[in-house]
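Inspection log for the structure reproduced underneath, given as structure tokens.
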């Protein structure tokens, strides 16, 4: 996870939200990371992060089995077309708990999100490229909004 965090933190204009105990963020988000493009350092309104790292199951998102010891998941918005190219169509009986595999996001896959549980040697090169592309895509969207 540290290599991925270091990579994302190196991008120009990145804003990382990493809620901790005592923050205003809901307790469920503590320990997770949310990445936005925001050169001025303010949380963008009316937009979602382009990448997240989650360290636990959420009430509506348990199919990756993140509550098991040592598991976490990187989520990247790559767009619907690219997500289908990377993962194919989402199967009804899809196993979203596979590690080091690019999968559709268990909840937001149809909206262009991919997910990788415990990225490792099989996905590390692709993951870093996809993160960079997602950041650049969000930068371009942000510039168009202005």
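The values are calculated or read from the model by the stated rules, or taken from the named source; none is laboratory data. Because the structure is predicted, anything quoted here is derived from the model rather than measured. In this analysis, Cβ positions are derived from the backbone assuming ideal geometry, glycine residues included, and neighbour counts consider all displayed protein chains.
Taking (1) over 27 Å from residue 146 (Cβ atoms); (2) touching a helix residue (DSSP H, G or I) at 6+ places or on another chain (Cβ under 8 Å) in turn, residue 68 satisfies each apart from (2).
Quick check on residue 70: is it at positive phi and at pLDDT below 95? No: the conditions fail for residue 70. Based on what the data block shows, is residue 36 surrounded by 11 or more Cβ atoms within 10 Å (Cβ to Cβ), under 23 Å from residue 125 (Cβ atoms) and touching a residue at least 24 places away in the same chain (Cβ under 8 Å)? Answer is no for this residue. The residue that is nearest to residue 127 (Cα to Cα), among those in segment 53-65 that are crowded, with 17+ Cβ neighbours inside 10 Å and out of contact with any helix residue (DSSP H, G or I) (no Cβ under 8 Å at 6 or more places or on another chain), is 54. If the condition is being assigned to a loop (DSSP other than H, G, I, E, B), in contact with a helix residue (DSSP H, G or I) (Cβ under 7 Å, 6 or more places away or on another chain) and surrounded by 21 or more Cβ atoms within 10 Å (Cβ to Cβ), then segment 103-122 contributes only 119. Here's a check for you: in segment 39-52, which residue that is in contact (Cβ under 8 Å) with a residue 60 or more places away in the chain and closer than 23 Å to residue 124 by Cβ is surrounded by the fewest Cβ atoms within 10 Å (Cβ to Cβ)? Here the answer is 51.
Can you spot a residue in segment 126-139 that is at pLDDT below 95, in a helix (DSSP H, G or I) and surrounded by fewer than 18 Cβ atoms within 10 Å (Cβ to Cβ)?
no
The set of residues from segment 1-33 being surrounded by fewer than 13 Cβ atoms within 10 Å (Cβ to Cβ) and either closer than 26 Å to residue 139 by Cα or touching a residue at least 12 places away in the same chain (Cβ under 8 Å) (or both) comprises 1, 2, 3, 6, 9, 10, 12.
When the residues of segment 125-140 are filtered to those that are more than 14 Å from the chain's Cα centre (by Cα) and without any contact (Cβ under 8 Å) to a residue 24 or more places away in the chain, the one that is farthest from residue 34 (Cα to Cα) is 125.
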